[in-house]
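**Q** Here's a structure for you.
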Amino acid sequence: MYRAGERTAEAGRYVTVLGKGGPVMIEPLEQSLVVVRGGAQGFAQEITLGRHRLIADEPVSAGGADRGPGPYDLLLAALGA
């Protein structure tokens, strides 16, 4: 399991992941890297999957801002993919 935090470097944008051997800087375009970021307010989550970016959110009726598909929508889409 990895915990990820973002960091900007002069040579480009990298992500620091904490693994068994300590922090490691990797490029976020690696296909196996998934980064999910969310704020303290609301339910919106920014999801980066390699070079793809998504926004997930809850519908207004559930307290979200409906900025993107909800978690169950994403789960059903993943099962259908």
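Just so you know, all these numbers are worked out from the coordinates, no wet-lab data involved. Since we're looking at a predicted model, the values are computed, not measured. We place every Cβ from the backbone using ideal geometry, glycine too, and count neighbours over all the protein chains shown.
**Q** Mind checking the range 27-80 for trypsin sites (Lys or Arg not before Pro) that DSSP puts in a loop (not H, G, I, E or B) and that have at most 13 other Cβ atoms within 10 Å?
**A** Filter output for the range 27-80: 51.
**Q** Related question: Quick check: Cα centre of the range 31-47 to Cα centre of the range 54-81, how many Å?
**A** What the calculation gives is 12 Å, centre to centre.
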